[in-house]
């Protein structure tokens, strides 16, 4: 099963990375969550893997604008890093019930929207 997960993960990542690169985005990393289909299986009938949860979104990936990329420094992200940075700088990372200011929400939305528009060509 580990080999199947590795193969499938790499195939998905490579296809997504090629698409992102063609649209000016570096897919720096992402996560995939898999489940096993609820069915009987054996050594001759391997389990059916199912890709679940969010996939290739700004919540599960790091998107960097290729035109801004520079080695050796933090990258400007088109993902939830904007919110993470605010939480860390404010000493609120890991704190429950944080009220996020409107300008931070707007900045996060702007990053997500830009990633969407670049990746899909839609406005």
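Quick notes on this structure:
- Residue within segment 94-103 that is under 19 Å from the mean Cα position of the chain (by Cα) and in contact (Cβ under 8 Å) with a residue 12 or more places away in the chain present: no
- Segment 5-55, subset over 17 Å from the mean Cα position of the chain (by Cα) and surrounded by 13 or more Cβ atoms within 10 Å (Cβ to Cβ), residue modelled with the lowest pLDDT: 47
Matching residues to (1) over 24 Å from residue 81 (Cα atoms); (2) out of contact with any strand residue (DSSP E or B) (no Cβ under 7 Å at 6 or more places or on another chain); (3) without any contact (Cβ under 8 Å) to a residue 12 or more places away in the chain:
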site	(1), (2), (3)
3	yes, yes, yes
16	no, no, no
30	no, no, no
37	yes, no, no
49	yes, no, no
52	no, no, no
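- Selection status of residue 98, modelled with pLDDT of 95 or more, farther than 20 Å from residue 19 by Cα and exposed (fewer than 10 other Cβ atoms within 10 Å of the Cβ): no
- Selection status of residue 85, out of contact with any strand residue (DSSP E or B) (no Cβ under 6 Å at 6 or more places or on another chain), free of Cβ contacts under 8 Å to residues at least 40 places away in the same chain, more than 21 Å from residue 123 (Cα to Cα) and surrounded by 12 or more Cβ atoms within 10 Å (Cβ to Cβ): yes
- 3 or more residues within 19 Å of residue 116 (Cβ to Cβ): qualifying strands (runs of 3 or more DSSP E) within segment 7-101: 25-30, 61-65
The values are calculated or read from the model by the stated rules, or taken from the named source; none is laboratory data. Only a predicted model underlies this, so the values are computations on that prediction, with no experimental measurement involved. Neighbour counts are summed over all protein chains in view; Cβ atoms, including those assigned to glycine, are modelled from backbone coordinates with ideal geometry.
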